[in-house]
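The values are calculated or read from the model by the stated rules, or taken from the named source; none is laboratory data. Keep in mind it's a predicted model, so treat the numbers as computed, not measured. A quick note on method: Cβ atoms are made from the backbone with ideal geometry, for glycine too, and the neighbour counts reach across all protein chains shown. SASA here: full protein model, heavy atoms, side chains in, ligands and nucleic acids out. Shrake-Rupley method; radii C 1.70, N 1.55, O 1.52, S 1.80 Å.
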Amino acid sequence: MKNSLCTRALLTLTSCVALTFATPALAQTVWTGALDNDWNTGGNWDNGVPSGSNFPVEINASGANVTMSAAGSSRFLRVAGDVGTAPVLNITENLTNNFSTVSVGSNAGTANNFVGTINHTSGTFTVGGGSGTRRLLIASGATAGTTTGNAGSFFFGGDSASAPELSVAQQIFVGTRPGETGLLSLSDHGTFTAAGMLMSHFNGNSTLEVKGGDLSINFTSNVTMSQSGGGDS
């Protein structure tokens, strides 16, 4: 009997200790750039290199210039800073990167003056893995309302020897809401595929550039411009 009581007491104490030291869930992974410009350097992130994480990934430091040296993935990626120089993400290696949703140059809600840039010059960039909206958002606020100064740019194209491939499972939104300015620039060499695209969808401002002939552009649904009376070019 004594041994049984002691065993139960020990198990209860062990459970309490385990609960006391349980690791809390991480809310997000944020770029710090403490060591260098490499996405795949653990010390450049507050919670280590994001890889297949269910947590949002944020590159929001002013002047950040981040380059992937190995494949990256996460549920949600946002490249947007609110002051100073726009953070930049460079996808320059022949790698396969997989994200559920990508946002550049805008923040959640109606926050103002968020800017960001993504350069995709090589490798496969898929917006469609896992759960989420599976959209590419370029200066596209998450909720209705007037925003000021949000600007996002996405540059696509590279060398013929390592031409990039972009695949967006659902739609691309460019310059969605008032005060938001989005740029999608497509240049020589590469395959660009998306379900559809909406430009200046809710009175925002958007620009689509197509430069060069050696480029494959595939939309499986509609491309809509200025659906609610916004500006586009």
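A few points about this structure:
- Test: residue in segment 51-62 that is on the phi > 0 side of the Ramachandran plot and open to solvent by 30 Å² or more (accessible area, probe 1.4 Å): yes
- Residue list for segment 10-50, restricted to those being at pLDDT below 90, among the aliphatic types (A, V, I, L, M) and exposed (fewer than 12 other Cβ atoms within 10 Å of the Cβ): Leu10, Leu11, Leu13, Val17, Ala18, Leu19, Ala22, Ala25, Ala27
- Residues of segment 169-194 satisfying the condition of being closer than 17 Å to Ser103 by Cβ, outside any loop (DSSP other than H, G, I, E, B) and of a type outside the set (Val, Ile, Thr): Ala169, Gln170, Gln171, Phe173, Glu180, Gly182, Leu183, Leu184, Ala194
- Conditions (1) closer than 25 Å to Arg75 by Cβ; (2) at pLDDT below 90; (3) β-branched (Val, Ile, Thr); number of the one not met by Ile172: (2)
- Residue among Phe173, Phe154 that alone is buried (at least 23 other Cβ atoms within 10 Å of the Cβ), touching a Leu at 6+ places or on another chain (Cβ under 7 Å) and either of a type in the set (Ser, Thr, Tyr) or without any contact (Cβ under 8 Å) to a residue 40 or more places away in the chain (or both): Phe173
- Residue check for Ser100: in contact with a strand residue (DSSP E or B) (Cβ under 8 Å, 6 or more places away or on another chain), part of a loop (DSSP other than H, G, I, E, B) and modelled with pLDDT of 80 or more: no
- Once segment 176-197 is narrowed to residues that are small (Gly, Ala, Ser) and surrounded by fewer than 20 Cβ atoms within 10 Å (Cβ to Cβ), the residue that is nearest to Thr117 (Cα to Cα) is Ser185.
- Search result, residues across segment 65-88 that are open to solvent by 10 Å² or more (accessible area, probe 1.4 Å) and assigned to a loop (DSSP other than H, G, I, E, B): Ser69, Ala70, Ala71, Asp82, Val83, Gly84, Thr85, Ala86
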